[in-house]
1. Would you check if residue 166 is more than 16 Å from ligand 2 (Cβ to nearest atom) and crowded, with 16+ Cβ neighbours inside 10 Å?
2. List pairs: first in segment 168-195 and closer than 14 Å to residue 138 by Cβ, second among the acidic types (Asp, Glu) and more than 8 Å from ligand 1 (Cβ to nearest atom), Cβ under 6 Å, 6+ apart or cross-chain?
3. Name every residue in segment 224-244 that is in a loop (DSSP other than H, G, I, E, B) and surrounded by 15 or more Cβ atoms within 10 Å (Cβ to Cβ), in order of residue number.
4. Scan segment 75-109 for residues that are basic (Lys, Arg), exposed (fewer than 14 other Cβ atoms within 10 Å of the Cβ) and within 20 Å of the chain's Cα centre (by Cα) and jot them down.
5. Quick one: residue 68 ticks every box in (1) basic (Lys, Arg); (2) away from ligand 2 (no atom under 16 Å from the Cβ); (3) at pLDDT below 95 except a single one, so which number is it?
6. Would you kindly identify the strands (runs of 3 or more DSSP E) lying entirely within segment 247-294 that contain at least 1 residues that are among the aromatic types (Phe, Trp, Tyr) and touching a Leu at 6+ places or on another chain (Cβ under 6 Å)?
7. Looking only at segment 308-326, decide whether some residue is part of a loop (DSSP other than H, G, I, E, B) and in contact with a Leu (Cβ under 7 Å, 6 or more places away or on another chain).
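The values are calculated or read from the model by the stated rules, or taken from the named source; none is laboratory data. Remember, it's a predicted structure, so these values are computed and weren't measured experimentally. Methodologically, a virtual Cβ is constructed for each residue, glycine included, from the backbone with ideal geometry; neighbour enumeration extends over all protein chains shown.
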Amino acid sequence: METIYCQGCGAEIQTSEPDAPGYTPTSSLAKEDILCQRCFRLKHYNEIQDVSITDDDFLKMVSTIRSKKGLVVLVIDIFDVNGSFIKSLPRIIGDNPIILVGNKVDLLPKSTNKNKLSQWLRTTAKEAGVKVKDVFLISAARGHGMEELTEQIEILRDNQDVYITGTTNVGKSTFINRLIKQTNGIGDVITTSYFPGTTLGFIEIPIDDHTFIIDTPGIVNKQQMAHYLSEKDLKVITPNKEVKARTYQLNHGQTLFFGGLARLDFIKGDRQSFVCYFANELPIHRTKLENADALYENHLGELLAPPTEKTLETLPALTEGAYRITGEKTDIVFPGLGWVSLSGEDVTVVAHSPKGVATSVRKSLL
Ligand SMILES: Nc1nc2c(ncn2[C@@H]2O[C@H](COP(=O)(O)OP(=O)(O)OP(=O)(O)O)[C@@H](O)[C@H]2O)c(=O)[nH]1
Ligand SMILES: [Mg+2]
């Protein structure tokens, strides 16, 4: 007897519990490629069915890599580096070699300096104490940068398995689908979606007779904005094409709202431009600082949306972080949403974000 796994998400197929992972009606078992009901619905109706697998279960699953030998590819979302970089990776995967892949570069403005970005990723990894063999920038969705990466994987894997790891939603499954497509022309084999937590188990795709490239479930980082939002909100905040910079000339005493999910107050400094990089569909609202609290209180979920009504119940209250900028061009980063780039001699801003999704600053990327 052999256990059957869902080809789309890696869950063990079962026919008795419709609400549990891997459920498939008995009538579908005769099909050649078996897809569980959840994957079927995701694929055809873009509908997500919640499953009873905890964050801890996922972590335990991925931690089994520690006792195996292979190359580990850590995929991060270049639009949410803070939210998607797993600092504890070495503890999770043991002594296995790591390469770092920044995915979704298609979202960055064309003017982005890729060398500078790679260099910054190297530094970020180093500072986090994660030793990486190499760094790559790709777009799994569009196929950019794939050739160089696959060549390097082939060299570094040293005839062993390759584990594709990362937090939820960074594009691990999209990446493997792209590889499968390049090899045999078949597209969308593994289920992907803009909901976090799509892949539920290891999915082994053979490289040759004795080694595999393995898709793994995303590690949950509760600091990711996505965990607090509804499906509808997620659609608005997730960029799906090149992000257009939106520039605001502000005087101190002015505030920008990013939907109702984040806010940036210009406290002190000369008039200057605030260059905003967010999903093009996310509304940015400018107001006077003195009116900002009242606006938020009275218009959250309406003028200031997302969040929409449904999300209001789950969204943590906004908390603040103050930053002082002295000359160097700086990005104020709102994890999972985007960032605002500013420069200026002596500038003070206050950034507001939902509690638990802390803002940060970095040397400007662009
Ligand atoms: N713009 C853009 N979107 C991407 C890219 N790669 C993946 N995505 C999108 O990111 C979302 C998540 O992709 P998945 O491949 O399901 O991510 P995952 O890492 O497998 O996620 P889990 O299985 O939940 O851990 C989907 O909406 C993809 O279409 C990319 O290169 N560019
Ligand atoms: Mg996946």
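1. Values: more than 16 Å from ligand 2 (Cβ to nearest atom): no; crowded, with 16+ Cβ neighbours inside 10 Å: yes.
Considered against the rule, which asks whether it is more than 16 Å from ligand 2 (Cβ to nearest atom) and crowded, with 16+ Cβ neighbours inside 10 Å, residue 166 comes out as no.
2. Hits for this filter: 177/188.
3. Kept after step one, since they are in a loop (DSSP other than H, G, I, E, B), are these residues of segment 224-244: 224, 229-230, 238-244.
Of everything in segment 224-244, those that are in a loop (DSSP other than H, G, I, E, B) and surrounded by 15 or more Cβ atoms within 10 Å (Cβ to Cβ) turn out to be 224, 229, 230, 238, 239, 243.
4. Taking segment 75-109 as the starting set, the residues that turn out to be basic (Lys, Arg) are 87, 91, 104.
Within this subset, residues satisfying the condition of being exposed (fewer than 14 other Cβ atoms within 10 Å of the Cβ) are 87, 91.
Result: 87, single match.
5. The failed condition is (3).
6. Where strands (runs of 3 or more DSSP E) fall fully within segment 247-294 and carry at least 1 residues being among the aromatic types (Phe, Trp, Tyr) and touching a Leu at 6+ places or on another chain (Cβ under 6 Å), they are 254-258, 262-268, 272-278.
7. At the first step, the residues of segment 308-326 found to be part of a loop (DSSP other than H, G, I, E, B) are 308, 313-317.
So of that shortlist, the ones also in contact with a Leu (Cβ under 7 Å, 6 or more places away or on another chain) come out as none.
No, because not a single residue in segment 308-326 is part of a loop (DSSP other than H, G, I, E, B) and in contact with a Leu (Cβ under 7 Å, 6 or more places away or on another chain).
Yes/no per residue for (1) surrounded by 19 or more Cβ atoms within 10 Å (Cβ to Cβ); (2) closer than 30 Å to residue 108 by Cβ; (3) away from ligand 1 (no atom under 12 Å from the Cβ); (4) of a type outside the set (Phe, Trp, Tyr):
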{"site": "6", "(1), (2), (3), (4)": "yes, no, yes, yes"}
{"site": "15", "(1), (2), (3), (4)": "no, no, yes, yes"}
{"site": "18", "(1), (2), (3), (4)": "no, no, yes, yes"}
{"site": "24", "(1), (2), (3), (4)": "yes, no, yes, yes"}
{"site": "42", "(1), (2), (3), (4)": "yes, yes, no, yes"}
{"site": "47", "(1), (2), (3), (4)": "no, no, yes, yes"}
{"site": "73", "(1), (2), (3), (4)": "yes, yes, no, yes"}
